[in-house]
Amino acid sequence: MSKLLVADDDRVVLFTLCESLRQAGFEVIEARDGLQALALCLSQAPDMALLDLRMPGLDGLELARRLRAETSVPFLFFSAYNDEAYVQEAVAIGALGYMIKPIQAMALVPMIRTALARAHDIDGLEDALASNRVIATAVGMLMQLEGLDQVSAFEHLRQQARSRRCKLEELAQATILANRQGE
């Protein structure tokens, strides 16, 4: 069962959303402001945080920056504001989604499940890259050569290793050598 933190200063929205998520099978932690949400993320490490943009204490964007710097909790936003500047900032911070209120719980559940899976993939990528410099170098080369983002380059490399039935590190080394010989 995935644990979610939901942060919103509107009590009606918070209650309705949390109850719907509980009925969908999630464990839910509630926060009524950004500072409480940060404290709960630090102490309880939810699998994901759903953040309102405008809250007292810390607004959603500042809270997301703090989550990024101080925890590994992934997040997505929900807001009454459909302002492109907010959306762009949310993307730049690393949000896994941005929804406009009012939110239909039935539409939210698939998005949360998808975002949780994506967050898991990103964690695996970060772990692999941190633990293996050769793979990280090959991913960087693919990013530059193919114009891919980091996740796509890693997935491309991993799929090639599977299709060739070799270890990821071996393929990464071969990719580096082939690229250096081609220079």
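The values are calculated or read from the model by the stated rules, or taken from the named source; none is laboratory data. Treat the numbers as computed from the prediction; the structure is a model and nothing was measured. Using ideal geometry, Cβ is built from the backbone for each residue, glycine included, and neighbour counts are taken over all protein chains shown.
Annotations for the structure displayed:
- Tally of residues being closer than 18 Å to residue 107 by Cβ and surrounded by 15 or more Cβ atoms within 10 Å (Cβ to Cβ) across segment 25-52: 6
- Scanning segment 72-101 for residues that are touching a Ser or Thr at 6+ places or on another chain (Cβ under 9 Å) and either among the aromatic types (Phe, Trp, Tyr) or under 19 Å from residue 28 (Cβ atoms) (or both) yields 86, 96, 97, 98, 99, 101.
- Consider segment 153-183 and keep the residues that are among the polar types (S, T, N, Q) and surrounded by 15 or more Cβ atoms within 10 Å (Cβ to Cβ). The one that is modelled with the highest pLDDT is 160.
- Pair list, Cβ < 8 Å and 6+ apart or interchain, from segment 135-151 residues that are closer than 17 Å to residue 169 by Cβ to residues that are of a type in the set (Gly, Ala, Ser) and surrounded by 16 or more Cβ atoms within 10 Å (Cβ to Cβ): 135/128; 135/172; 137/172; 138/172; 139/153; 139/172; 140/153; 142/153
- Whichever residue in segment 106-145 is surrounded by 14 or more Cβ atoms within 10 Å (Cβ to Cβ), under 17 Å from residue 48 (Cα atoms) and small (Gly, Ala, Ser) and, among such residues, is modelled with the lowest pLDDT: 119
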